[in-house]
1. Which order do A:223, B:33 fall in if you start with the one that has the fewest other Cβ atoms within 10 Å?
2. Once you average over the residues of B:226-239, how many Cβ atoms of partner chains fall within 10 Å of each Cβ?
3. Would you mind checking the tilt of helix B:163-174 against the longest principal axis of the Cα atoms of chain B, expressed as 0 to 90 degrees and rounded to 10?
4. Could you tell me the center-to-center distance, by alpha carbons, between the stretch B:211-284 and the stretch B:1-37 in angstrom?
5. Once you order the gyration tensor axes a ≥ b ≥ c over the Cα atoms, which shape class does the stretch B:70-344 get: rounded for a/c under 1.5, otherwise prolate or oblate by comparing a/b with b/c?
6. Assign one of three labels to the stretch B:11-60, namely rounded, prolate or oblate, based on the Cα gyration tensor with a ≥ b ≥ c the square roots of its eigenvalues; rounded applies when a/c is under 1.5, prolate when it is not and a/b is larger than b/c, and oblate otherwise.
7. From the C-alpha coordinates alone, can you work out the Kirkwood hydrodynamic radius of the stretch A:111-224, in Å?
8. Place the peptides B:5-12, B:208-215, B:83-90 in order of packing, highest mean first, counting for every residue the other Cβ atoms within 10 Å and averaging per peptide.
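What follows is calculated from the coordinates using simple rules that are stated; it is not laboratory data. Note that the structure is predicted; figures quoted are calculated from it, not measured. Because the Cβ atoms are built from the backbone with ideal geometry, glycine has one as well, and the counts that use them run over all protein chains shown.
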Ligand SMILES: Cc1cc2nc3c(=O)[nH]c(=O)nc-3n(C[C@H](O)[C@H](O)[C@H](O)COP(=O)(O)OP(=O)(O)OC[C@H]3O[C@@H](n4cnc5c(N)ncnc54)[C@H](O)[C@@H]3O)c2cc1C
Ligand code: SF4
């Protein structure tokens, strides 16, 4: 069998970087940044690994497209391979990162962004890239500290930023899951686009709710963190 | 804790077992023969191993073969088998007899993470990966095993989201020490997880089927979320970079949705996209799932779409729907009702 391959493989080539910043945003949730060496569109992902030969994992870029860094937001997966190691890494450590790719991108259109947990990352990137006008952002999290970047987003997006907290109460938060929030809505704009990002369960549940509320499936675009 | 299973181990893994239990090296081959050629159901039956060896094996391992727990038979002869996978988890396998062949459609995961809009398994969400043993168990524990001519990895789950176990299962099925099947009788289907597809193409010689469903990216990302990371051109440039040779088959699965992906524009774009690629397209009737906004193209449309593709030089077949009455047809497999719903909180 002639197993020659060429172009496709090179797309996921990983390049060494030094971690320029590492922040803990909540229990088990971190933001890691590397210097930005290429352009990207908000909504794209990078493949990340810590050493050659490891199967890389994908992470949405969470930073703005004009900034000096590319940041990823991640939570530790219990029994996971890479995320616990990433959480243990330090500023200055070597990390392998691919060029940005993917097309979960949102143009200057009226849209509703819906995220659960770290699924906020691509929308954070869109927000920091100045694409928040005409957008509503609905973010679901379990605890009051799950609303990463809220200090940046809340003052700008104001009432178009809805935080749904399923396990705790907090000022300005909708108390309940984001699916409950969506089910309660009597009016949904059927002509706008809905961008969904997060776990498979969230995406499938939300998509079903939107379709049951007559949102055309053509207006629903999803990114699943599989 | 449950003992590990012998069934589902590759020859290399059986050699490790032999070494751990201080057995002679050839014992690994003997075990493989009992497991995958003679298809025994207990360690006790491995009669050319000494009694002491069998006792040692039984102390440390369980056999790991599991019979189906339920069977449904369609009016067209298709059968759907339910196999347990761990506690409160189940998978389905569809046995599809035809005039000159008998195909088994096997699952690779309990549920699926990929969330394709048209798929019942996608609606179920993901519960777990199957081990190589659980994958090949669907074949070895099939009452019709001896009649099987073909195996397709098109049941529940995305095989390339569980690549290592799928590769191990293929090794067991196709190795001379295993079931000794020709890789030309096995097709693995994917929605196009490009890096895993690359590894599969490198390590296995089985046929590849790619679920395409539309040649247009914008449309595909609304049907299949995977398209936001691995769009059509990435998937195609990957398959184009491989020489499939004369024997290995590349096919594209194409579920036909009324007024969505069954137009002349789709024929033209498919022809452009697949130009020069030695492949075939399988057109599949859409089997509606609950609350779906999608409709199936009718038979007439499917025939004219096939004819139009053939005029463009693309070998095209229409897959006959089988087992629809027992929800065994393409896209309908699901064990959602049997999964004790673990409320996912977000
Ligand atoms: C397009 C895309 C974008 C993504 N963006 C982000 C992001 O921005 N932020 C983020 O946090 N994550 C993101 N992810 C998820 C990320 O890629 C990783 O999957 C995640 O970080 C876990 O990686 P890991 O190596 O720690 O875990 P893995 O080792 O990959 O394991 C993942 C989970 O599966 C379980 N598991 C492992 N093996 C098995 C098995 N055999 N059977 C059953 N379960 C098993 C583990 O316990 C763990 O919980 C994204 C994924 C995709 C596809
Ligand atoms: S079509 Fe395949 S990959 Fe898509 S959700 Fe169904 S089982 Fe998963």
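1. Numbers: A:223 28, B:33 15.
Final ranking by Cβ density, sparse to dense: B:33, A:223.
2. Numbers: counts 4, 6, 14, 12, 5, 3, 0, 1, 6, 1, 1, 6, 6, 1.
Mean partner shielding for this stretch: 5.
3. For helix B:163-174, the angle is close to 70 degrees.
4. 41
5. Values: a/c = 1.41, a/b = 1.23, b/c = 1.15.
Judged from the Cα gyration tensor, the stretch B:70-344 comes out rounded (a/c under 1.5).
6. On the way: a/c = 1.69, a/b = 1.13, b/c = 1.50.
Verdict is oblate for the stretch B:11-60.
7. Details: mean 1/r = 0.0717 Å⁻¹.
Evaluated on the stretch A:111-224, it is 14.0 Å.
8. Numbers: B:5-12: 20.6, B:208-215: 22.9, B:83-90: 16.6.
Output ranking for B:5-12, B:208-215, B:83-90: B:208-215, B:5-12, B:83-90.
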